[in-house]
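Trainee: My questions will all concern the structure given below.
The values are calculated or read from the model by the stated rules, or taken from the named source; none is laboratory data. Because the structure is a prediction, the values reported are computed rather than measured. Here the Cβ positions follow ideal geometry from the backbone for every residue, glycine too, while neighbour counts run over all protein chains shown.
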Amino acid sequence: MNRPRPKNQAAGRQPPAGVRQAAPQAPVRRPPMRVRPTAPIVPPSNIQGNALMVVIAIMSFLACLTLGGVSMVRATAASWQSQISREVTIQIKPDEGLDMEAALAKARDLALTFVGTKDAVVMDDQATARLLEPWLGTGLNLDELPVPRLIVVTIDESNPPDFDSMRTQLQKEVPQAFLDDHRTWVDRLVSMAHTTVMIGLAILALVFVAMVLTVVFATRGALSGNRHIVEVLHFVGAEASFIAREFQKHFLKISLKGSAAGGTLAALCFAAANVWQSHTLATPQTDQATALFGTFTIGWGGYLGIFATMLVIALLTTITARLTVMRTIDEIDQVRSDPLRMDYLPD
């Protein structure tokens, strides 16, 4: 059974005269929802952060400077050791009735008979006078002075001769001859290089320890300034790893900036010293500096070491900050779990 339709809904019926039909309304477009950005737990830039960045830059500069200095001294000591180990010296002392020229020629020829010797050169009077010039001055007459004469023997480093046999043969053929293989000086140079390395490593360790303590204090200071935020976040369910991650990001940025500034400054110092040395050659100051420290260049290995030191400092700072935050949050949990200590919590 069909129900009758209302009159105003009859098929094909128009609305009454004088009545305006309402136009269809367009759908209302609402603006998209915008999520309000949340403020970071740790302020991105404050006085403590800037001060910590300066401290890390200073520590990084000292660490990179120490590392470059140690590598430079090691390279110089290795060069000295290589130069000394390539040569031995035969010294002939003057004696009454000794024909010095014949003794020099005989000792030279005897040294060349041993396997492992490449060349032997007798130092003439002029070369000997130049060696004595810093102490005795110029214009020396070696015939009037009982000055020993030297023979410089070049040896094969990979296959050195038997020095004991050479020394014994020289004593038999030329009693006034003495063989110096420079082993004492080589041992001293090796000991000096090892001592320098140990001192440099100790300084690096002290720099790292000071930096870790500085980061610990800075992290605790940042936690003290934001402790109420950390407690509220942790109380409503934020995990300790999330809070530690926020502090970790903050200190990672600071440590990267500080270590980059300190490492770059140290590299520029070595580059400037190398340029100064190359432009002031043959001067007394440069000659003395070169004799003591060698060339002021650390090579690509030294610059890679500086870059690695920068990364280690940044990583060490980040790990220290994370561990400090985790430990502080554990202390907060222990205080909240102890009803006897709840009264000491800040409001």
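Here is a yes/no grid of residues against (1) hydrophobic (A, V, I, L, M, F, W, C); (2) at pLDDT 85 or above:
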| residue | (1), (2) |
| --- | --- |
| ILE199 | yes, yes |
| ALA202 | yes, yes |
| LEU213 | yes, no |
| VAL216 | yes, no |
| THR219 | no, no |
| ASN226 | no, no |
| HIS234 | no, no |
| GLY237 | no, no |
| ALA261 | yes, yes |
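Trainee: Would you be able to tell me the number of residues in the stretch 185-230 that are hydroxyl-bearing (Ser, Thr, Tyr) and under 30 Å from ARG322 (Cβ atoms)?
Mentor: Of the residues in the stretch 185-230, the ones hydroxyl-bearing (Ser, Thr, Tyr) are 191, 195-196, 214, 219, 224.
Checking which are under 30 Å from ARG322 (Cβ atoms) leaves us with 214, 219, 224.
So the answer is 3.
Trainee: Write out, first by first residue and then by second, each pair whose Cβ atoms fall under 6 Å of each other, whose residues are 6+ apart or on separate chains, and whose first residue, in the stretch 221-236, is on the phi < 0 side of the Ramachandran plot while the second is modelled with pLDDT of 75 or more.
Mentor: The qualifying pairs are LEU223/THR328; VAL230/ILE243.
Trainee: Answer with yes or no whether PHE251 is touching a residue at least 60 places away in the same chain (Cβ under 8 Å) and either among the β-branched types (Val, Ile, Thr) or under 22 Å from LEU304 (Cβ atoms) (or both).
Mentor: For PHE251, the condition - touching a residue at least 60 places away in the same chain (Cβ under 8 Å) and either among the β-branched types (Val, Ile, Thr) or under 22 Å from LEU304 (Cβ atoms) (or both) - is not met.
Trainee: Picking from ILE254, ILE243, which residue would you name as being at pLDDT below 85 and either touching a His at 6+ places or on another chain (Cβ under 9 Å) or within 15 Å of MET59 (Cα to Cα) (or both)?
Mentor: On inspection, the qualifying residue turns out to be ILE243.
Trainee: Let me ask you something else. For the stretch 159-176, check the following and say yes or no: at least one residue is in a strand (DSSP E or B) and either surrounded by 13 or more Cβ atoms within 10 Å (Cβ to Cβ) or among the β-branched types (Val, Ile, Thr) (or both).
Mentor: no
Trainee: Any idea which residue in the stretch 225-252 is surrounded by the fewest Cβ atoms within 10 Å (Cβ to Cβ), counting only those that are over 32 Å from the mean Cα position of the chain (by Cα) and of a type outside the set (A, V, I, L, M, F, W, C)?
Mentor: Selected residue: GLY237.
Trainee: Looking at the stretch 179-190, can you tell me whether even one residue there is farther than 18 Å from LEU112 by Cβ, part of a helix (DSSP H, G or I) and among the hydroxyl-bearing types (Ser, Thr, Tyr)?
Mentor: There is at least one residue in the stretch 179-190 that is farther than 18 Å from LEU112 by Cβ, part of a helix (DSSP H, G or I) and among the hydroxyl-bearing types (Ser, Thr, Tyr).
Trainee: What is the one condition in (1) without any contact (Cβ under 8 Å) to a residue 60 or more places away in the chain; (2) more than 13 Å from ILE332 (Cα to Cα); (3) part of a helix (DSSP H, G or I) that LEU204 does not satisfy?
Mentor: (1)
Trainee: Next question. Here are some residues: GLY139, GLY200, GLY116. Which one is loosely packed, with under 12 Cβ neighbours inside 10 Å and either in contact with a helix residue (DSSP H, G or I) (Cβ under 9 Å, 6 or more places away or on another chain) or on the phi > 0 side of the Ramachandran plot (or both)?
Mentor: GLY139
Trainee: Part of a helix (DSSP H, G or I), of a type in the set (S, T, N, Q), in the same structural domain as GLY263 (by TED's automatic domain parsing) and at pLDDT 85 or above, is that true of THR309?
Mentor: Spelling it out, THR309 is indeed part of a helix (DSSP H, G or I), of a type in the set (S, T, N, Q), in the same structural domain as GLY263 (by TED's automatic domain parsing) and at pLDDT 85 or above.
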